1. Taking the condition of being surrounded by 14 or more Cβ atoms within 10 Å (Cβ to Cβ), more than 15 Å from Asp81 (Cβ to Cβ) and over 11 Å from the mean Cα position of the chain (by Cα), how many residues in region 18-64 meet it?
2. Kindly indicate which of Val15, Val41 is under 18 Å from Trp78 (Cβ atoms), at pLDDT 95 or above and touching a Pro at 6+ places or on another chain (Cβ under 6 Å).
Amino acid sequence: MAKQKAINMKESIEVIATFTKNGVFPRILRWGKRRYKITSVNLVHTIKEGAVRIYFFSVSDGGNAFKLGFNTENLRWWVEDFYSEAGVRPPL
């Protein structure tokens, strides 16, 4: 099946994450009425917007891939990008 991509969604989500000495790792995200258990954190990188550090996490749940954003100033999470092999549509 063809990949679907939703670009620059910036839609707020709820995330359960673990904070360890090695960093922060998202574990479960709730987007709309759907819950996704994150099985893989593939890449983590940061940028600075002025004095604010923004984290980006490329994660997957086994069938979908997400690029999540996390603002360290206001502690807000959002979906930056969404990919699906199974043709799943993001909740809008």
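The values are calculated or read from the model by the stated rules, or taken from the named source; none is laboratory data. Worth saying up front: this structure is predicted, and the values here are computed from it rather than measured. Cβ coordinates were reconstructed from backbone atoms using ideal geometry, including for glycine residues, and neighbour counts include every protein chain displayed.
1. Of the residues in region 18-64, 1 are surrounded by 14 or more Cβ atoms within 10 Å (Cβ to Cβ), more than 15 Å from Asp81 (Cβ to Cβ) and over 11 Å from the mean Cα position of the chain (by Cα).
2. Working: Val41 fails: touching a Pro at 6+ places or on another chain (Cβ under 6 Å).
Just one listed residue meets the conditions, Val15.
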